[in-house]
1. Using the Cα gyration tensor of the range 8-129, with a ≥ b ≥ c the square roots of its eigenvalues, what is the shape: rounded (a/c below 1.5), prolate (a/b larger than b/c) or oblate (neither)?
2. What does the helix-only formula give at 222 nm for the chain: each DSSP H stretch with n ≥ 4 adding -39500 (n - 2.57), the total divided by the residues, and the result rounded to the nearest 500 deg cm²/dmol?
3. How high is the FRET efficiency between V111 and A6 when r is their beta carbon distance and R₀ equals 41 Å, given to the nearest 0.05?
4. Figure the gain on full extension for E39 and K198 (residue separation times 0.36 nm, minus the Cα-Cα span) and round it to one decimal in nm.
5. Just subtract the alpha-carbon distance of A137 and A172 from 0.36 nm times their residue separation and send over the number in nm, one decimal.
6. With charges only on Cβ, +1 for K and R and -1 for D and E, what is the dipole size of the chain about its Cα centre, in debye, rounded to 20?
7. Take the alpha-carbon centre of the range 16-86, take the same for the range 174-198, and report the distance between them in whole Å.
8. Using Cα pairs closer than 8 Å and at least 6 residues apart in sequence, work out the relative contact order for the chain, in percent.
Amino acid sequence: MASSPAMKIFFNAITLLLVMDPLGNVPPFLAVLKHVQPERRRQVLMREILIAYAVLLVFLFFGKYLLQLLSLQEETISIAGGIVLFLIALRMVFPTDRPVADALAGEPFLVPLAIPFIAGPSTLASLLLLQSSSNNALQLWASLTLAWAITAVILLSSTILYRLLKERGVIAIERLMGMLLVMLAVQMFINGVARFMKP
């Protein structure tokens, strides 16, 4: 595991970015935004991205109290986190149809773009897990902000990316990201087991 602050920020940012899965969210985002007037789409998208960031920040700064309330050990969270991330990664490698509200008319607000597409249960759970292994809130905030910023850029460019990559290209990249997340999940699980077995 990386030890320098910069590498920790980078590692956590990559983990969060893989869980947020911005490329995988491009098709459902476009499906929801097609009900919005073309001149309003970028404004709506930016608003939803900012709302998602606010939700993630609230969870980042108050999630630690949930951990304290549950009195969970670091080993337990690391093992459970590895399993959860592994299941998320499997869903990326072997994707199923995402429930997109095609019948949704008008302008979306909060749901489903901000929550759950960006600040979904998987991302919130990952934040909780990363908090348990990091005592530096500033580093974790930097990781979250970096992952969110990259996600924002990808989603704001969703129309161009989808046109360039096509559906097969998006699926291929999402599966590659899923494979990377599998490796991170296994490493997290091994770290948790090693700490648990340590005398």
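Since every read-out is calculated from the coordinates, none of them should be taken as a lab result. Keep in mind that this is a model prediction, so the values were computed, not measured. Please note: Cβ atoms are built from the backbone with ideal geometry, for glycine as well, and neighbour counts cover all protein chains shown.
1. Judged from the Cα gyration tensor, the range 8-129 comes out prolate (a/c at least 1.5, a/b above b/c).
2. Working: 7 runs with 150 residues, N = 199.
Dividing the helical sum by the residues of the chain leaves -26000 deg cm²/dmol.
3. After rounding, the FRET efficiency stands at 0.70.
4. Values: separation 159, 0.36 × 159 = 57.24 nm, distance 5.88 nm.
Using 0.36 nm per residue and subtracting the Cα-Cα distance, I get 51.4 nm.
5. Roughly 9.2 nm would be gained on extension.
6. On the way: 15 positive and 10 negative charges, 52 e Å.
Computed charge dipole of the chain: roughly 240 debye.
7. The range 16-86 and the range 174-198 have Cα centres spaced 20 Å from each other.
8. Dividing the mean separation by the residue count of the chain yields 48 percent.
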